[in-house]
Amino acid sequence: MTSRTTRGCALLADIGGTNSRFALMEEDGQIGPVTYARVADFPTVRDAMADFLARQASRARVGAGVLAVAGPVVNNRCVMTNSPWIIDGNELRGAFGLDAVHVLNDFEVLAWALPALQPADLFPLDNQTGAAGEPLLVLGPGTGFGVSCLVERHGARVAVITEAGHATLPAETEREEHVIAAMRRRMGHVEIELGALSGAGLRNLYEAVAEVDGVKAPQRDAAAITTAALDGSCDLSRTVLEMFCAILGSVAGNLAVTFGARGGVYIAGGIVPRFPKFLAASAFRERFEAKGRFRDYLHPIPTSIIVKPDASFAGLKAFCDHSTA
């Protein structure tokens, strides 16, 4: 990132609970190749950054770092929610001799990316068109469940950061009430993230549905549940994935009403982009709109899946441009 106080290229990073990705952005705004690294392969983010920088044979001076991280950020520091890494921007600035390091929530960064997304970057779930200038909402299940909203007022933009994944998981049907009750007996409070809309949540949902239905289910992780649902080899897995999509629709509708996201709702994360057609054919959109007398409010709001690889880097660049404008 270049600014009045920083010169050189910028180190951009998208750090999740499972994988991290790094790239360099040149002073002209061009982003170089993205390098992937498993979080488990490095004891600290400092080690991962050092490894990436050591592989850059020829480069200009790195003047700043902008890091998207999967967790809450307080005072430019994040204790990762789903990994052992602690990311401290001030510490990293000193360790690498940078002019600045900005630590941002990963969904905050995705919110910054939304205006730059093109039709080819999206899988639409309806034929609606968003209202110009209205809030844009991004949410998504992956290792966790993230939510952020980009709001524009009087020519200025701000990305609203949330921890909505830890709100209480809603039930829309009697069957879902029974499933959530089964989870409540095991975990107490049933949140959106761990109750359904994440990798761990999908597994918890699978086990709870099996308990409610009184069936014996082989142990499966989220990837195996999704695969078995899509290839038709497991009726339970398909039932669970259908419930997952329906719940996602309800939660997305709740958040769209909460933020007044009439500009559009975008789904990201590591899970849903693997089965866009399944989601489109599911109860997602019906449940998204099923808000009683507010159905007419939700009906015009477009919903799309972000299918662009490394969309977060467009958000990191947009944040850089915004910060130096």
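The values are calculated or read from the model by the stated rules, or taken from the named source; none is laboratory data. Remember, predicted model here, so these are calculated numbers, not experimental data. Here the Cβ is made from the backbone with ideal geometry for all residues, glycine too, and neighbour counts use every protein chain on show. Accessible surface areas use protein heavy atoms only, side chains included; no ligands, DNA or RNA. Shrake-Rupley method; radii C 1.70, N 1.55, O 1.52, S 1.80 Å.
Before moving on, here are some points about what is shown:
- The shape of segment 104-187 can be summarised by an equivalent ellipsoid whose semi-axes, obtained from the alpha carbon gyration tensor, come to 30, 16, 12 Å from longest to shortest.
- Extended-chain gain in nm, criterion 0.36 nm per residue less alpha-carbon gap, A50 and H189: 46.1 nm
- The calculated Kirkwood hydrodynamic radius for segment 1-127 is 15.3 Å, given to one decimal from all distinct C-alpha pairs.
- Take the chain with all the other protein chains still there, run a 1.4 Å probe, and you get 45 Å² of accessible area per residue.
- Heavy atoms of S233 accessible to a 1.4 Å probe, total area in Å² rounded to 10: 80
- Here the gap between T258 and V79, fully extended at 0.36 nm per residue and compared with their Cα-Cα distance, gives a gain of 61.7 nm.
- Just so you know, the averaged projected area of the alpha carbon convex hull for segment 91-131 sits at 4.8 nm².
- The label point for E91 and the one for A120, both projected 7 Å from the Cα toward the Cβ, are 4.1 nm apart.
- Cα extents for segment 163-312 along the principal axes, largest to smallest and rounded to whole angstrom: 44, 32, 26.
- Between N127 and D213, the modelled label-to-label distance comes to 3.4 nm, taking each label 7 Å out from Cα in the direction of the beta carbon.
- V158 versus S233: modelled label distance in nm, points set 7 Å from Cα along the beta carbon direction: 5.0
- Summary value for the chain: 18 percent relative contact order, contacts being C-alpha pairs under 8 angstrom separated by 6+ residues.
- A Cβ-based charge dipole, computed about the Cα centre of segment 188-325 with Lys and Arg at +1 and Asp and Glu at -1, lands at about 380 debye.
- Over the chain, the Kirkwood radius and the radius of gyration, each from Cα atoms, give a ratio Rg/Rh of 0.99.
- Among the protein heavy atoms of the chain, carbon and sulfur supply 50% of the accessible surface, probe 1.4 Å, non-protein parts ignored.
- Highest-first arrangement of 109-119, 21-31, where packing means the average Cβ count within 10 Å: 109-119, 21-31
- Euclidean distance of C-alpha centroids, segment 168-235 and segment 53-117, integer Å: 33
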